[in-house]
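Asker: What follows is a structure written as structure tokens; I'll ask about it next.
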Amino acid sequence: MVFVNQQRIPRKRTYLMCSPEYFDVEYAINPWMDPGTPVDTELAVKQWDRLRETLLDLGHTVHVLRPVPGLPDLVYAANGALTVDGTAYGATFRHPQRAAEAGVHRAFYAEQGWRYVESGEINEGEGDFAYLPEAYGGLLLAGYGFRTEPAAHAEAQEVLGRPVLSLRLVDPRFYHLDTALGVLDDRTISYFPGAFSIAAQRVLGQLFPDALLADEVDAFAFGLNLVGDGRHVLLNSEATGLAAKLAAAGYTPVPVELTELRKGGGSVKCCIAELRTG
Ligand code: ARG
């Protein structure tokens, strides 16, 4: 039996989300998307509202972007930028269908008085970057292989002044880092090793010996696409196995139903960007 003596302490956070009013699966840019599958947009909005309310109930602050017709994936707000210490490093989307989303995010940061740095390299914001403020003094984990270019990892390090660790993704179902790796608190991660190259698995094993390992079933249920505040971990309700592992490790899993947004290849984390003012 494992004795859990870890105190899991939540920290209040500020997030950015965008309602799925115009969400639909109109094109396929990842293996989860099938334009032939009907989407219940009304239900998507209801489920998204519930997610937003859950964050508010936990005491977090949530800003919202105004949804834009013709940008069905704007609901995946985590992909628009990466913010660290009050600087927003903007996204440059790989696929033309999502290119215009970057400008919507940029306008938000401008309006809110952030320092915004436009990227010169393809990167999809927090889809492929995860920040751990208390691991190694503030470490960025960065995925590549499907969307974000490795050149953007180096650029993010220059812009944000934080060490960036590049990790190669090898399974197209886990095309963004945040589909295979979740940040539970300021220093702890959970991940599915099979989504990473053998070398990347070794690196993660060396740097994060205390990580909570997830299996393919957890990952397939979008369980790793999670948002943790240090204690509560919001995750897709279908990821029951991972929820049990989290509870055993002393976290409080908070299951969230997002059946409609999953049809676009995303879940909890994809819908929530963290705004780190520093
Ligand atoms: N349909 C979107 C795409 O393929 C889903 C993005 C999901 N977001 C995420 N952070 N993984 O780009």
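The values are calculated or read from the model by the stated rules, or taken from the named source; none is laboratory data. In this text, all values refer to a predicted model and were calculated from it rather than measured experimentally. In this analysis, Cβ positions are derived from the backbone assuming ideal geometry, glycine residues included, and neighbour counts consider all displayed protein chains.
Asker: In this structure, does Ala219 turn out to be buried (at least 24 other Cβ atoms within 10 Å of the Cβ) and within 15 Å of the ligand (Cβ to nearest atom)? Break it down into steps so the answer makes sense when it comes.
Answerer: Details: buried (at least 24 other Cβ atoms within 10 Å of the Cβ): yes; within 15 Å of the ligand (Cβ to nearest atom): yes.
Yes.
Asker: How many of the residues in segment 115-134 are of a type in the set (D, E, K, R) and out of contact with any strand residue (DSSP E or B) (no Cβ under 6 Å at 6 or more places or on another chain)?
Answerer: Of segment 115-134, the ones of a type in the set (D, E, K, R) are 115, 118, 121, 124, 126, 128, 134.
Of the ones still in play, those that are also out of contact with any strand residue (DSSP E or B) (no Cβ under 6 Å at 6 or more places or on another chain) are 121, 124, 134.
Adding up the residues that qualify gives 3.
Asker: Within 16 Å of the ligand (Cβ to nearest atom) and either under 19 Å from Leu234 (Cα atoms) or modelled with pLDDT under 95 (or both) - does that describe any residue in segment 59-69?
Answerer: Taking segment 59-69 as the starting set, the residues that turn out to be within 16 Å of the ligand (Cβ to nearest atom) are 65, 67-68.
Now narrow it down to the ones that are either under 19 Å from Leu234 (Cα atoms) or modelled with pLDDT under 95 (or both): none.
Checked against the condition, which is being within 16 Å of the ligand (Cβ to nearest atom) and either under 19 Å from Leu234 (Cα atoms) or modelled with pLDDT under 95 (or both), segment 59-69 yields no hits at all.
Asker: Oh, and also: Taking the condition of being in contact with a Ser or Thr (Cβ under 9 Å, 6 or more places away or on another chain) and within 16 Å of the ligand (Cβ to nearest atom), how many residues in segment 83-118 meet it?
Answerer: Keep residues of segment 83-118 that are in contact with a Ser or Thr (Cβ under 9 Å, 6 or more places away or on another chain), which gives 83, 85-86, 89-92, 94, 99, 102, 109, 114-118.
Subset that is within 16 Å of the ligand (Cβ to nearest atom): 83, 89-92, 94, 99, 102.
Total satisfying the criteria: 8.
Asker: Moving to a separate point now. Under 6 Å between Cβ atoms, at least 6 apart or on separate chains: pull out the pairs that start in segment 140-161 with a residue that is at negative phi and end on any residue that is within 16 Å of the ligand (Cβ to nearest atom) and of a type in the set (Lys, Arg).
Answerer: That search, which allows pairs on different chains as well, returns Arg147/Arg94.
Asker: Hey, can you tell me all the residues within segment 120-147 that are part of a loop (DSSP other than H, G, I, E, B) and either away from the ligand (no atom under 11 Å from the Cβ) or touching a helix residue (DSSP H, G or I) at 6+ places or on another chain (Cβ under 6 Å) (or both)? Walk me through it before giving the result.
Answerer: Here is the first cut: in segment 120-147, the ones part of a loop (DSSP other than H, G, I, E, B) are 120-122, 124, 128, 133-138, 145-147.
The answer is Gly120, Glu121, Ile122, Glu124, Asp128, Pro133, Glu134, Ala135, Tyr136, Gly137, Gly138, Gly145.
Per-residue answers, yes or no, for (1) within 16 Å of the ligand (Cβ to nearest atom); (2) closer than 17 Å to Ser267 by Cβ; (3) outside any loop (DSSP other than H, G, I, E, B); (4) modelled with pLDDT of 95 or more:
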position	(1), (2), (3), (4)
His153	no, no, yes, yes
Glu158	no, no, yes, yes
Arg162	no, no, no, yes
Leu167	yes, no, yes, yes
Arg173	yes, yes, yes, yes
Asp178	yes, yes, yes, yes
Gly182	yes, yes, yes, yes
Asp185	no, no, no, yes
Ser190	yes, yes, yes, yes
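Asker: Please go through (1) within 14 Å of Val183 (Cα to Cα); (2) within 16 Å of the ligand (Cβ to nearest atom); (3) surrounded by fewer than 24 Cβ atoms within 10 Å (Cβ to Cβ) for Leu204 and return the number of the only condition it doesn't satisfy.
Answerer: Leu204 satisfies every listed condition except (2).
Asker: Next up: Can you run down the residue pairs with Cβ atoms below 8 Å, 6 or more apart or on separate chains, where the first is in segment 69-97 and part of a loop (DSSP other than H, G, I, E, B) and the partner is polar (S, T, N, Q)?
Answerer: Within 8 Å, the pairs are Asp85/Thr277; Gly86/Thr277; Ala91/Asn79; Ala91/Ser119; Ala91/Asn123; Phe93/Asn79; Arg94/Thr148.
Asker: Oh, and also: Would you confirm whether or not segment 43-62 contains a residue that is assigned to a strand (DSSP E or B) and closer than 18 Å to Ser267 by Cα?
Answerer: Residues of segment 43-62 that are assigned to a strand (DSSP E or B), as a first pass: 61-62.
Of the ones still in play, those that are also closer than 18 Å to Ser267 by Cα are 62.
Yes, there is a match, as at least one residue in segment 43-62 is assigned to a strand (DSSP E or B) and closer than 18 Å to Ser267 by Cα.
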